[in-house]
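These notes are about the structure you will find just below.
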Amino acid sequence: MTSSPTTVTKPAFALLQQWRAQQEEVARLEAAMASRRQEEEDDRLRREQERDRARRTLQKEKVKQFYSEKQRRREEQEKKDQQRLEELRALMVEQARRDKERVQFREALLLEHKKEREAEALLRLEEEAEKRGHLEALRNKVAVIAEADPERMMGNTKAWQSRHQTGDEFVLQKPLYQLYSFTDRQIVSDPRVRIEQALREAGFHNSLYAREVLSAVPPPRLPRRDTESSIFKS
């Protein structure tokens, strides 16, 4: 989970505090070393002055011992400070290396997640393409193939035959009520019905592609142009 640029997490804040403390200690040590060097120079000047005076007094040896001990302590402290300064610099270099490794690891992790998302998207596209291929094959399978029938085309229609039947035969075959509907054969002959049944059996009848397929299949008989509505046309 990534934090916003204005939000600092507790571990990051602790590292920042540690880094600031190290920087302050480095500055303090460098200032102390510079101060001691200045003090050493001042002592050197004072030693020369004291040496001149010591030549004329019996305290010459005591002054020498005093400054020798002071120089020894100064050198000892200088050695300790130098060692601590080297340790701090090494620690800061190691901390910078670890921070760089964390950044590289996070970038690699983000790249891996990106590749996984791209692979999942590609898999979905392949599955969708495969599904479309199955639906197209199913559509071709149930497509209507009309065979040529010249005799039927040139023969009399059922409506014409019904109008020319004898009176008795017409009365016997006439239904009790006039029905304005379609027969089973007429319904099944509609390719849209067969395609819808095939899509339903395959479990694709509610998909977007099924609606596209059904809308592209023409009806067995085109509607009259005078019954076409333009209410939904822009």
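Scalar couplings 3J(HN,Hα) for the range 96-106, obtained by applying the Karplus form with A = 6.51, B = -1.76, C = 1.60 to θ = phi - 60°, are 5, 5, 5, 4, 5, 5, 4, 5, 5, 5, 5 Hz; x denotes Gly and Pro. Between residue 134 and residue 215, what FRET efficiency follows from the Cβ-Cβ distance if R0 is 25 Å, with the result rounded to 0.05? The pair residue 134/residue 215 has a calculated efficiency of 0.85.
Annotation: aspartates and glutamates with alpha-carbon distance below 15 angstrom to residue 115 (same-chain offsets under eight excluded): 107. Within a straight-line Cα-Cα reach of under 19 Å, residue 70 can be paired with the following aspartates and glutamates, leaving aside sequence neighbours fewer than 8 residues apart in one chain: 39, 40, 41, 42, 43, 48, 50, 61, 78, 81. In this structure, residue 63 and residue 15 have a Cβ-Cβ separation that, at R0 = 41 Å, corresponds to a calculated FRET efficiency of about 0.20.
A short reminder: the numbers here are calculations on the coordinates, not readings from a lab. Treat the numbers as computed from the prediction; the structure is a model and nothing was measured. Every residue, glycine among them, receives a Cβ derived from its backbone with ideal geometry; neighbour counts consider all protein chains shown.
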